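For reference, the structure is listed below as C-alpha cells.
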Amino acid sequence: MSKVNSETPNGESAVVTEEIAEKRIGCAHYKRRAKFVTPCCNKLYMCRYCHDENEEHYFNRKSVSELICTECDTRQKVQAECVNCGVRFGNYTCLICNLFDDEDKKQYHCEGCGICRVGGRDKFFHCERCNMCLPVQLKCVGHRCVENVSRSNCPVCLEDIHTSRIPCHIPDCGHLLHRPCFEQMLKSGHYACPTCQTSMIDMTNLWNYLDSEVAATPMPPEYADYKTTILCKDCHKLSTVKFHVVGLKCQHCGGYNTCQTNGFHKDSGSSEQCDSSSSPSSSTSRSSTFEPRDEPINDDLPQANPLDEPPQA
C-alpha cells in the first residue's frame, strides 16, 4: 500500500496511507464508510459502480447481505451503524436499496419506483400510470401519461433510464430521453422526439423562419401548380398543400413537422400523378432536422423545457 507524507502543525512529519484517505472520501461515486461484500464474486467494492467498472458482470446492490466497516474493518450484516465501532456508514441510509451516502443530495426513497432518487421528495410526485417520479409543477399544468415510460431505454444512447444516475428530460409527448442526449440532439439540429417524431420544444421561431424561406424561394414554373397531401406529426391531421422544396406547411397548426403521404399532382385537377420517389424533395419535409446556413440566424431557436425526471441516487 502506497503512503503519502504530510506535515503536522508542529512541523512533525506524518504518514497518511491511501486506506485512511479512502475512509475519509469513500469513492468517486459515494461518500461512505463501508465496503460491500459482493455476493456475485465475493470481492470488496465501495459501490456497485466501482464493481461494474472492474468486472465483466453487473451486480445488484439490493442483493448485498454483508459489508465491511472501513473504520475498523469489521465484517457484518448490512445495517445502518457498525456493530463494533458504532460509526454510521452514511448520513443518508436506505436499507431497502442498501444505499449509504454522506453527501447531501436530498435523497429520498420512492416506494412506487422502488429505488432511491435525488432532488427532494417535496419537489416530485409519483405518477402511478407513468410509474415514475415527476416534477410537482406537472400536477398543476398536467402531463401526458405514457404507461411504464421510464422502464424503457433512452432512444438515443439505448442505455437504461429507470435506474440511471443521468437526469432525464420529459418532452410534452411524454417519452423520456437522457437530458445530455436531448441537448445533443438540439445542438445537432434535431428537434423531434426520436420515439414519436413530435416536436420536443416550441418551434414557432423556426416555423417563422421557414415561412420567410418559402416566400423568398419561388418554385420553378413547371412545379408551381403542384399539390401534395401531407400528414402533420404534431397535430396528426392531413392537409393538401402546394408542393415546395423548402418544406410543407400544415394547414391546421402551421408547423413544418410534416411528411408526404403520396405523390404530388397538378392543381388543375389533371390525373397526372408523380411517384413520390421521383419528387424533387424527399418524402419527409425538413421540419425534424434543420440545415444551418452560412449566414447567422436567430440564436433563440431551440429552448429546452427544464422539467426533468429525478435521477437515481
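The values are calculated or read from the model by the stated rules, or taken from the named source; none is laboratory data. Computed from a predicted structure; not experimentally measured. A quick note on method: Cβ atoms are made from the backbone with ideal geometry, for glycine too, and the neighbour counts reach across all protein chains shown. Surface areas here come from the heavy atoms of the whole protein model, side chains and all, with no ligands, DNA or RNA. Shrake-Rupley method; radii C 1.70, N 1.55, O 1.52, S 1.80 Å.
For this structure, a couple of remarks:
- Test result for Phe125, of a type outside the set (Lys, Arg) and within 19 Å of Thr195 (Cβ to Cβ): no
- Where strands (runs of 3 or more DSSP E) fall wholly inside segment 54-146, the ranges with 2 or more residues that are buried (at least 16 other Cβ atoms within 10 Å of the Cβ) are 66-69, 92-94, 99-101, 108-110, 115-117, 124-127, 132-135.
- Residue satisfying all of: in segment 230-269; of a type in the set (Ser, Thr, Tyr) and surrounded by 16 or more Cβ atoms within 10 Å (Cβ to Cβ); nearest to Pro194 (Cα to Cα) among these: Thr258
- Residues that are in contact with a strand residue (DSSP E or B) (Cβ under 9 Å, 6 or more places away or on another chain) and more than 17 Å from Cys181 (Cβ to Cβ) were ranked within segment 147-167; the one that is surrounded by the fewest Cβ atoms within 10 Å (Cβ to Cβ) is Asn148.
- Residues of segment 222-244 that turn out to be among the aliphatic types (A, V, I, L, M), at pLDDT 90 or above and either within 29 Å of the chain's Cα centre (by Cα) or in a loop (DSSP other than H, G, I, E, B) (or both), as a count: 1
- Residues in segment 150-162 include none that are without any contact (Cβ under 8 Å) to a residue 24 or more places away in the chain, over 20 Å from Gly119 (Cβ atoms) and in contact with a Lys or Arg (Cβ under 9 Å, 6 or more places away or on another chain).
- Being open to solvent by 30 Å² or more (accessible area, probe 1.4 Å), within 24 Å of Met200 (Cβ to Cβ), of a type outside the set (Gly, Ala, Ser) and within 36 Å of the chain's Cα centre (by Cα) is a property that Val214 has.
- Any hit, segment 24-44, residues being part of a helix (DSSP H, G or I), under 19 Å from Arg165 (Cβ atoms) and modelled with pLDDT under 90: yes
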